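Please read the structure below before turning to the comments.
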Amino acid sequence: MASNKPKSWWRNFLPRSAFGQTALLIGLVLMINQIVSYVTVTLYVIKPNYEQLNELMGRQVNILFSEELDLGLDTLTLTVSDALKARARPGELEVFTWKEAKQAGLMQASRYGFLSQQMSKQLGGQAEVRVQTGEQYQVWINPPQAPSVWLRIPLPGTSDSNISLLNLYLMLIGALSVLGGWLFARQQTKPLRRLEKAAIDVSLGHYPAPIPLYGSTELEQVTRSFNQMSKSMKQLEQDRQLLMAGISHDLRTPLTRIRLATEMMVEEDYLKDGIVHDIEDMDEIINQFIAYIRLDQGEILSQHNLSDLLQEMAQAEQNRFDQIELDLNTVAQSEIYEVAFKRLLNNLVENAYRYGNGWLRLSCWQDADSISISIEDNGPGIPEKDIEGLFEPFARGDQARGTGGSGLGLAIIKKIAAMHNAVVKLTNRAEGGIKAEIIISIKK
């Protein structure tokens, strides 16, 4: 029993091809790996180094305040600042008042919470730590011993260029990982694309050479099975052709003798004509059987202008039809099997002649992605319910379109159309008769 459970909406955003799914999976794994690596390096490499560096800076600050100072009076701020500046070592630690710190770039520095918390514990009071980036990193500390001053400690050997190189390295590693994943996915799905193309060729009656075994063990097994299937189908097709050739030969010889005997022995003309007509019908049926089986499989593709083919057909049929109308527009060259495609057109024109009333219209035009051909007659038409089934082998229309023949004409048309990546549509004309339209997709 089929499940009516609706599909999740997010499935619409997932790739459906094996290549897309493999690439997405590898991309997600790489992204998770990058995130885990970033977090791991941050927590276990960068953060401990920062904490160790912060501890060393805290010791410098404690050494700076190792001697007791009276820092309780605001009026003595300048004196405290001067005293701290006297103790500081130029190039290792600098002392600034709030105003001097702002001028020296304090406002461009970023506050770091975990460094501030660690520094507060080490100095025994509320401290604030900021880091200023640039050509050289500068660490600003607001110590609890002197809240009105800021201490700046330069970090030699660190700059934005170091971080930029690190980011570039991470991006390069990420890009190479994604590229490697893409190449891996493409290599894994390449045999599948080859199998897809070969399967399409087999469905059109063209049997390719055995596909090389390539890829994973499972893909090699599938390829080996496909090669065996293609070989068996090709052998079966050859056996069918041989059988039909034998039937054709064995039936035509006695039919020829019967026709010759009829010409010599039967005196009544009406009886002789009837037998001859039946023999001709049998011969035509045999030809249709052979055409349905063979479909010119040995023919190669060639470039042709479909408007020119219809023009040639109109000239060849002008003596059989009372009126032929042409509406042939300029179309691009099409790659077709010439003999097979002409058989398709001839079968449709023959139906128009057999069931129409002497009027034929041939049209050809091109759209953005297809070239269309239409063949119209003014016969009785076909009931809508019967149209779809007419393309099946041995199917024949009702009395309105006749019951003669083997019922293979439209089946042959359908197979030839499929060989050209085309579809055939039958519709009833409002004025009476049938419109057969062949739509050929344009390769881009």
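Could you check region 332-363 and list, in sequence order, the residues that are outside any loop (DSSP other than H, G, I, E, B), more than 17 Å from Q303 (Cα to Cα) and of a type in the set (G, A, S)?
A352, S363
Can you tell me which residue is farthest from D367 (Cα to Cα) among those in region 329-338 that are of a type in the set (A, V, I, L, M) and surrounded by 12 or more Cβ atoms within 10 Å (Cβ to Cβ)?
I336
What's the number of the only condition in (1) within 17 Å of T427 (Cα to Cα); (2) in contact (Cβ under 8 Å) with a residue 12 or more places away in the chain that N329 fails to meet?
For N329, the exception is condition (1).
Being part of a helix (DSSP H, G or I) and free of Cβ contacts under 8 Å to residues at least 24 places away in the same chain is the filter here; which residues of region 101-132 pass it?
Result: K102, Q103, M107, G113, S116, Q117, K121.
Is region 110-121 home to any residue that is touching a Pro at 6+ places or on another chain (Cβ under 8 Å) and surrounded by fewer than 19 Cβ atoms within 10 Å (Cβ to Cβ)?
Among the residues of region 110-121, at least one is touching a Pro at 6+ places or on another chain (Cβ under 8 Å) and surrounded by fewer than 19 Cβ atoms within 10 Å (Cβ to Cβ), which makes the answer yes.
Looking only at region 415-444, which residues are polar (S, T, N, Q) and either touching a Phe, Trp or Tyr at 6+ places or on another chain (Cβ under 6 Å) or assigned to a strand (DSSP E or B) (or both)?
Scanning region 415-444 gives T427, N428, S441.
Taking R396, is it over 24 Å from L326 (Cβ atoms), modelled with pLDDT under 85, touching a Pro at 6+ places or on another chain (Cβ under 7 Å) and surrounded by fewer than 21 Cβ atoms within 10 Å (Cβ to Cβ)?
no
Select from region 1-42 the residues that are modelled with pLDDT under 75, among the hydrophobic types (A, V, I, L, M, F, W, C) and exposed (fewer than 12 other Cβ atoms within 10 Å of the Cβ) and list them in ascending order.
Result: M1, A2, W9, W10, F13, L14.
The values are calculated or read from the model by the stated rules, or taken from the named source; none is laboratory data. Owing to the predicted nature of the structure, the values given are computational and were not obtained by experimental measurement. Note that we place each Cβ from the backbone using ideal geometry, even for glycine, and neighbour counts take in every protein chain shown.
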